[in-house]
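Working notes, beginning with the structure itself.
The values are calculated or read from the model by the stated rules, or taken from the named source; none is laboratory data. Since this is a predicted model, take the numbers as computed values, not measurements. Glycine also receives a Cβ, built like all others from the backbone with ideal geometry; neighbour counts cover every protein chain displayed. Accessible surface areas use protein heavy atoms only, side chains included; no ligands, DNA or RNA. Shrake-Rupley method; radii C 1.70, N 1.55, O 1.52, S 1.80 Å.
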Amino acid sequence: MGHEQMGQSNHWDNPVAPSREARPSWIAAIEIARGPRYQAIVQGVRAALMSGALKVGDRLPPQRELARMLRLNLGTVTRAFDELREAGLIKGEVGRGTYLTQLSGADGPTSLWDHSHSLGYTDLSHNFPDQVPTHPAIESILSELAPVKSTGRLLAIQADAGHAEHRSVAARWLSGMGLRATPGDITITTGAQHGLLLALGALTQPGDIVLTEELTFYGLKSAAAMLGRSLLGVRMDSQGLLPDYLDLACQRSRAKVLFCCPTLHNPTTATMSVERRREIVEICRRHDVTIVEDDVYGLMLDELLPPLATMAPERTVYVTGLSKLFGPGLRIGFIAAPAQFSYFMGVALRATTLMASPLNADAACRILTSGSLPSIVGAIRDETRARQAIVSECLLSSSYVTQPGAFYFGLRMQGNWTAEAFARAAEAIGVGVTPYAMFETMPLQTAAMVRVCHNAAPSRESLRRALSSLAELKDSSLESASRCARSVDLRTRSNQR
């Protein structure tokens, strides 16, 4: 194949030929999953629960019937059911069969939900640059907000896809990145996450299989779970999606939508070369697959790469947002989509927020037209470079994976550490990190890493202290992890009283 893969060589071992008989979509995902067949069943059921294709209380097919569907021997399916039972995902009752129980765990960093940590806690589990000092141009514009003469107009008029002048500003801004977008192609959203949700709702139906990277943004996982779509992960290497595996996934799943992040992929920082982008576009054209491109990090590179939307504008829905530039509080993003999707985008928009806040959109557009954007982007790049230099001072280069311009890096585990145990232990010593399992589309055996977001630290000095703590913890024994985990449990119980 000629590509360096992200994980160990755990190939799609002897994938079963798809049956012609009607079957649930989650069965098809098992057929093309890689690894031993019993693990593929376990992974497929867990993924279906995560996506909403299966729900708590649903009954699984009898083991013999599932074996027949998948063309496997009964022993393989029995082993998978034993694993699912040990994991607490299924229960069996006489006369009722085998049914699904509740998934446990959060679908995003807990600090973004409860904010209950002490003042000494350094949260490196989220990747907004919101702790970096605000650029003076942003402070100046936002301090004025909307001028009094236009406030009434912005408050009184409903424009679902966004006010015409705001869409024009967005179209001009995107044209600077090579997109041939007109104001009519633009939908203004309440951030890029909302844009991903709209694209998922507009382009897919309940039960559909949707392709994405094998590690993907947890916000997309949450959206798929809420809407009842099944995400199918495609193998990756240091440039992102592997073309051969994408081609195989398209053939076997017959999925018609691909979500991907070609630039500074979250969490791996993988970035597609121009040639890799062309390969991905060609495969999607050959299989008539629509691309949803998440490009929130596109401006972070010193030398910009062409978005997929510039190579395949007829089949690419381009999603971006301003949170990585201005901070997460403004909540404004943009979708640029081909005209054939506008009706369905409108339905999805009206089913969610109805429209993005015109006041927020006006403030964002004033920043975009102020002439200060190059200075803002330059300041973020400078701060990111400075923080990446601190990372290289505190950690061995062989212990982490990143790319220039990324707000985060992947920290490799060593010894007996698991990513989940390390994250719990790091929390106990006052540092928040995110296990790669949070990003898995299907449980992987090779993702022994945590994501660490250096730009989230309140200052460079606090980052240095936090990284030093992580380095010391990483070199400690697993016994220390157990003690730290017990400490977290005790503190959690105390906070809940």
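Determine which member of the set 293, 275, 279 is crowded, with 20+ Cβ neighbours inside 10 Å and either acidic (Asp, Glu) or free of Cβ contacts under 8 Å to residues at least 60 places away in the same chain (or both).
On the way: 275 fails: crowded, with 20+ Cβ neighbours inside 10 Å; 279 fails: crowded, with 20+ Cβ neighbours inside 10 Å.
Going through 293, 275, 279 in turn, just one is crowded, with 20+ Cβ neighbours inside 10 Å and either acidic (Asp, Glu) or free of Cβ contacts under 8 Å to residues at least 60 places away in the same chain (or both): 293.
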Those helices (runs of 4 or more DSSP H) lying entirely in segment 265-343 with at least 3 residues modelled with pLDDT of 95 or more: 274-286, 308-311
Restricting attention to segment 434-450, does a residue exist that is part of a helix (DSSP H, G or I), modelled with pLDDT under 65 and of a type in the set (A, V, I, L, M)? no
Checking residue 304 against (1) more than 19 Å from the chain's Cα centre (by Cα); (2) under 22 Å from residue 190 (Cα atoms): exactly one of these is not met. Which one? (2)
For segment 53-75, how many residues meet the condition of being on the phi > 0 side of the Ramachandran plot and touching a strand residue (DSSP E or B) at 6+ places or on another chain (Cβ under 8 Å)? 1
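Can you tell me which of 426, 419, 437, 456 is open to solvent by less than 40 Å² (accessible area, probe 1.4 Å), within 30 Å of residue 42 (Cα to Cα) and in contact with an Asp or Glu (Cβ under 8 Å, 6 or more places away or on another chain)?
Values: 426 fails: in contact with an Asp or Glu (Cβ under 8 Å, 6 or more places away or on another chain); 419 fails: in contact with an Asp or Glu (Cβ under 8 Å, 6 or more places away or on another chain); 456 fails: within 30 Å of residue 42 (Cα to Cα).
On inspection, the qualifying residue turns out to be 437.
Does residue 369 satisfy the criteria of being over 19 Å from residue 302 (Cα atoms), open to solvent by 20 Å² or more (accessible area, probe 1.4 Å), out of contact with any Cys (no Cβ under 8 Å at 6 or more places or on another chain) and of a type in the set (Val, Ile, Thr)? Before the answer, list the steps.
On the way: over 19 Å from residue 302 (Cα atoms): yes; open to solvent by 20 Å² or more (accessible area, probe 1.4 Å): yes; out of contact with any Cys (no Cβ under 8 Å at 6 or more places or on another chain): yes; of a type in the set (Val, Ile, Thr): yes.
Here the answer is yes, as residue 369 does meet what is asked.
Please count how many residues of segment 80-102 are on the phi > 0 side of the Ramachandran plot and surrounded by fewer than 11 Cβ atoms within 10 Å (Cβ to Cβ). First the steps, then the outcome.
Narrowing segment 80-102 to residues on the phi > 0 side of the Ramachandran plot: 88, 95, 97.
Within this subset, residues satisfying the condition of being surrounded by fewer than 11 Cβ atoms within 10 Å (Cβ to Cβ) are 95.
Of the residues in that region, 1 qualify.
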I'm trying to understand the selection: among the residues of segment 251-264, which are touching a residue at least 60 places away in the same chain (Cβ under 8 Å) and assigned to a helix (DSSP H, G or I)? 252, 253
Lone unmet requirement of (1) at pLDDT 65 or above; (2) assigned to a loop (DSSP other than H, G, I, E, B); (3) over 22 Å from residue 205 (Cα atoms); (4) open to solvent by less than 30 Å² (accessible area, probe 1.4 Å) for residue 77: (2)
Please identify the pairs in which a residue from segment 303-329 that is at positive phi has its Cβ atom under 9 Å from the Cβ atom of a residue that is hydrophobic (A, V, I, L, M, F, W, C) and open to solvent by 10 Å² or more (accessible area, probe 1.4 Å), counting only partners at least 6 apart or on another chain. 327/128; 327/132
For segment 209-217, check the following and say yes or no: at least one residue is over 30 Å from residue 29 (Cβ atoms) and in contact with a helix residue (DSSP H, G or I) (Cβ under 7 Å, 6 or more places away or on another chain). no
When segment 323-348 is checked residue by residue, the ones that are of a type in the set (A, V, I, L, M, F, W, C) and within 10 Å of residue 190 (Cα to Cα) are 330, 332, 334
